[in-house]
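To keep things clear, I will list the structure first and then write my remarks on it.
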Amino acid sequence: MEQKRSGFSGKLGFVLAAAGSAVGLGNIWRFPYLAAQYGGGVFLLCYIILAVTFGFALMVGEIALGRKTQLSAVSAFSTLNKKYSFLGYLAAIVPMIILPYYSVIGGWVTKYLAAFCTGNVAQAAQDGYFSNFIAQPGEATLFFAIFMGLTALIVLFGVEKGIEKVSKFMMPVLVVLSVGVAIYSVCLPGALEGAKYYIMPDFKNFSFTTVIAAMGQLFYSMSLAMGIMITYGSYMKKNVNIESATRQISLFDTGIAFFAGLMIVPAVFAFSGGDKSALGQGPGLMFVTLPKVFNSMPGGGIIGTVFFVLVLLAALTSSISLMETVVSIFIDKFKWNRKITCLLVFGGCVAVGLVSVLGYGPWAEVKIIGMQMLDFFDFISNSVIMPVVALLTCIFIGYVVKPATIIEEVEQDGAKFKSKKLFVVMIKYVSPVCILLILISSVLNAFGIIKI
Ligand code: PFF
């Protein structure tokens, strides 16, 4: 007999824990640079449309699969259909790829927090500060190891509960601070143009890559297509309404991403004097732009420090849930003890993460299909494996276990599934076709076979 699973106490506990995993660097670091790069308002619009249709359906499906089977991803698929056990394993690979490079970015956040704490705000705001930092592998490795070590320690000692408590209190502070900094950013001279670019869709900027980038970001940000929400669902009580919990998680996640973009994109316009090429900076955008905003702000040193503490916490709650997933996969599979598994996962992640660190420094010339290491890991997980997992999950729900199984789970305890029709249409028809198209074109594009 399996032990009774410990569970979340109620809906709020579930929503906050899932939001803790969902809200992280994906919202604050990744979303703004993608929005800046891929057309501003049209990217935002695409993202929101995808979130309320496709993201909604997939999240409901994953949570319901977990709650129905009371199992985590690897076993959930195989229990419902033996032939699909590979899907659980495929989903399990994603956190293993993401965790190392996620921690590299976590290291960057730690470095900026250290700079702000020691009063080096003006230096951090200078041009070249970020590029010099990532070009020197010594410092970047040190901060990456600190972040990774912190994550491993928390997972090892199982103090997630403590961290979760802190983050439940910190999350609202993060929201308030993001809104405040966003308002300040928009009021900077020259920033209004940027706010317009970010909010008003201009279809001249639309391209197929906009949709591809928005969809990859959706998986990443909502922790979808990697088995996480299945595991979370398995801890959820039967009387919690899956549909409204999903709506709340996505609202929270999208809200934070929206304000992060509003903090950063208008400020890019303000500090670059309207030079549009500054928008295409990629992964460094937040680190280059935000220190300039804080440096120009009265009391910016303190506000910036608080801000980076909160970002670090949001990043940690996400990296913990990533590492916990990886560790528990190994424990379940090989029955290793927790301490040794944590140590091995930590070692493995440091080794793999180092490749990403060096890829921005001494190995800058080494490229895989034209990408730097970190960007390559990001591409493989977000644009290849996650769409494959999402596609197969849709097929699994739509045609193998059938949507009725999910609907029945959502309607437990007398709950009414309001968007039932939308769910079925999305899972059976729209999502699989769209994902397939997107997957094929993004891979062909990466190999230079087509240009989109
Ligand atoms: N959703 C997180 C973010 O947006 O930062 C990233 C992530 C965390 C993905 C945890 C998966 C996960 F298990």
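Points to keep in mind about this one:
- Residue match in the stretch 279-300 (condition: closer than 15 Å to residue 33 by Cα and basic (Lys, Arg)): no
- Selection status of residue 401, under 17 Å from residue 437 (Cβ atoms) and surrounded by 16 or more Cβ atoms within 10 Å (Cβ to Cβ): no
- Selection within the stretch 208-239 - at pLDDT 90 or above, more than 17 Å from residue 58 (Cα to Cα) and not in a helix (DSSP H, G or I): 238, 239
- Test: residue in the stretch 331-348 that is among the charged types (D, E, K, R), crowded, with 20+ Cβ neighbours inside 10 Å and out of contact with any strand residue (DSSP E or B) (no Cβ under 8 Å at 6 or more places or on another chain): no
- Meets criteria (on the phi > 0 side of the Ramachandran plot and modelled with pLDDT of 90 or more) for residue 299: yes
- Matching entry among 107, 149, 138 (being in contact with a helix residue (DSSP H, G or I) (Cβ under 6 Å, 6 or more places away or on another chain), among the small types (Gly, Ala, Ser) and assigned to a helix (DSSP H, G or I)): 107
- Residue list for the stretch 125-134, filter: in a helix (DSSP H, G or I) and more than 25 Å from the chain's Cα centre (by Cα): 129, 132
- Considered as a group, the residues in the stretch 8-41 that are assigned to a loop (DSSP other than H, G, I, E, B) and either more than 9 Å from the ligand (Cβ to nearest atom) or without any contact (Cβ under 8 Å) to a residue 60 or more places away in the chain (or both) include one that is surrounded by the fewest Cβ atoms within 10 Å (Cβ to Cβ), and that residue is 9.
- Entry remark, the stretch 220-240: residues being more than 15 Å from the ligand (Cβ to nearest atom) and either surrounded by fewer than 21 Cβ atoms within 10 Å (Cβ to Cβ) or on the phi > 0 side of the Ramachandran plot (or both) number 3 in total.
- Note on the stretch 264-307: residues that are under 18 Å from the mean Cα position of the chain (by Cα) and either buried (at least 24 other Cβ atoms within 10 Å of the Cβ) or without any contact (Cβ under 8 Å) to a residue 60 or more places away in the chain (or both) amount to 3.
- Residue 156 being under 19 Å from residue 21 (Cα atoms), modelled with pLDDT under 95, among the aliphatic types (A, V, I, L, M) and surrounded by fewer than 20 Cβ atoms within 10 Å (Cβ to Cβ): yes
- For the stretch 42-78, taking the residues that are among the small types (Gly, Ala, Ser), modelled with pLDDT of 95 or more and away from the ligand (no atom under 16 Å from the Cβ), the one that is farthest from the chain's Cα centre (by Cα) is identified as 64.
- Selection from the stretch 256-275 of residues that are within 14 Å of residue 35 (Cβ to Cβ) and of a type outside the set (A, V, I, L, M, F, W, C): 261, 266
- Filter pass, residue 414 being surrounded by 14 or more Cβ atoms within 10 Å (Cβ to Cβ), more than 24 Å from the chain's Cα centre (by Cα) and either more than 13 Å from residue 53 (Cβ to Cβ) or touching a residue at least 24 places away in the same chain (Cβ under 8 Å) (or both): no
The values are calculated or read from the model by the stated rules, or taken from the named source; none is laboratory data. In this text, all values refer to a predicted model and were calculated from it rather than measured experimentally. Backbone-built Cβ (ideal geometry, glycine too); neighbour counts: all protein chains shown.
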